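A short write-up of the structure that comes next.
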Amino acid sequence: MKKKQPAILIASALLVSLASCGPQQPVKTTIATEKPGPEFEGAISKPLVTDMYTADPSAHVFEGKIFIYPSHDIDAGTPENDNGDHFAMKDYHVFSMDKIGGKVTDHGVALDVSDIPWAGKQLWAPDAAYKNGTYYLYFPLKDKEGIFRIGVATSKKPQGPFKAQPEPIKGSFSIDPAVFTDTDGTSYMYFGGIWGGQLQQWENGKFNHQGSKTDKNKDDEPALAPKIAKMTDNMLEFAEAPKDVVILDENGQVIKGGDHDKRFFEAAWVHKYNGKYYFSYSTGDTHMICYAVGDNPYGPFTYQGVVLKPVVGWTNHHSIIEFDGKWYLFYHDTELSNGKTHLRNIKVTELKYDSEGKIIPIDPYANK
Ligand code: FUB
């Protein structure tokens, strides 16, 4: 993934100790100490975690608390490219808070890449779910052939540690799993991401190593669709072959590949509000979180607008939860690293709806 804007990279003393990265010795990237630049002025919220880089926050309410399942960003020294090779994460930490604005507890390493039998590299944006006394951590990871698959790990506690299943979920591919459990108890996984997320490299159920490396490059055709699959009762497998999640524009037409302001890129999330299903996602190279609304978990979903305007950094990734009668958007930017794309920090802010159920767009730097 390449930056659209000139890089805001300021040399910093980032030290990496990657040599021994077993579960007992988590990967440590030292936090930069310089003050954030002017582009962060007016930030509406502060980083929730300040002693490590965190991103892609998937928040859930478990056991009456807020649990956050983010990526753990590190500086592995890999040059930035459209493939996202610079996102070279190796483990996950889980965080919890009793309330918004309360102390953020780091529960330590919840899962390490060295404990995943099928692992190649790059632990990207995870999500979590709960069913019948077990917590499930879902994660995208490249296998030994360099193909992203989605894995699952289990624990009796929301904070882990989690034990990975020996194989990735059968039939899974691409990145950014988001598991939504409907009010009837049925769970669905939404997933997919283009460019480094490889969705465009899947053709007729096969991974094409020579396939297009970014978009499908067919601007007048329907954009590549994110995927949905119902989960089995034990939450470890897909109960059906993944289907396309269709996103329509305001005129009922499928959003086209050339419509980069609206087309799906990555970072799917689903929540339910007033009986409607809200499918939100990142537009990637136009850097927004948008949303579309549908009448059932499978869609189709009709585009409604922007949830979150671009943050400083290339990626935009989020989750939405209700807690104590209010709605919250968890997101990230790059304030702690002063603009380094791959060294992000998670944040939270309140999210509001208007009287018709439309989300009021959030400007992450509105307090200028
Ligand atoms: O964190 C790595 C990747 O960057 C995530 O999987 C994407 O959603 C983007 O945030």
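Where a number appears in this text, it was derived from the coordinates with a stated rule and is not lab data. Just so we're clear, the structure is a prediction, and the values are computed from it rather than from any experiment. Please note: Cβ atoms are built from the backbone with ideal geometry, for glycine as well, and neighbour counts cover all protein chains shown.
General observations
- Per-residue Cβ neighbour rank within 10 angstrom, fewest leading, LYS163, LYS170: LYS170, LYS163
- Scaled against the 2.2 N^0.38 Å expected of a compact globular protein of N residues, the Cα radius of gyration of segment 218-368 reads 1.07.
- Dividing the mean sequence gap of close Cα pairs (under 8 Å, 6+ apart) by how many residues the chain holds gives a relative contact order of 17 percent.
- Exposed loop positions in the chain were taken to be GluC sites (Glu not before Pro) whose DSSP state is not H, G, I, E or B and which have at most 14 other beta-carbon atoms within 10 angstrom. Between these positions, the longest stretch is 251-355.
- Ranked for footprinting exposure by Cβ neighbours inside 10 Å, fewest first, MET235, MET89 give MET235, MET89.
- Positive-pole candidate from PHE95, ILE228, ASN367, dipole of the chain, charges at beta carbon: PHE95
- Taking TYR53, TYR273 and counting other C-beta atoms within 10 Å, the order from fewest to most: TYR273, TYR53
- Prolate/oblate/rounded call for the chain, Cα gyration tensor, a/c under 1.5 rounded: rounded
- When the chain is treated as a Gaussian network with alpha carbon springs shorter than 10 Å, the biggest mean-square fluctuation among ILE68, ILE150, ILE169 belongs to ILE169.
- Charge dipole of segment 153-289 (Cα centre as origin; +1 on each Lys and Arg Cβ, -1 on each Asp and Glu Cβ, all else neutral): 520 debye, rounded to the nearest 20.
- Ignoring aspartates and glutamates fewer than eight residues from LYS35 along the same chain, the ones with Cα atoms less than 13 angstrom from its Cα are GLU335.
- Taking amide H as placed 1.01 Å from N in the peptide plane, TYR353 has its amide H under 5 Å from the amide H of ILE360, each at least 5 places away in sequence or on another chain.
- Dipole in debye (nearest 20) - the chain, about Cα centre, beta carbon charges: Lys, Arg +1; Asp, Glu -1: 460
- Summing Cβ point charges (Lys, Arg +1; Asp, Glu -1) relative to the Cα centre of segment 37-84 gives a dipole of roughly 320 debye.
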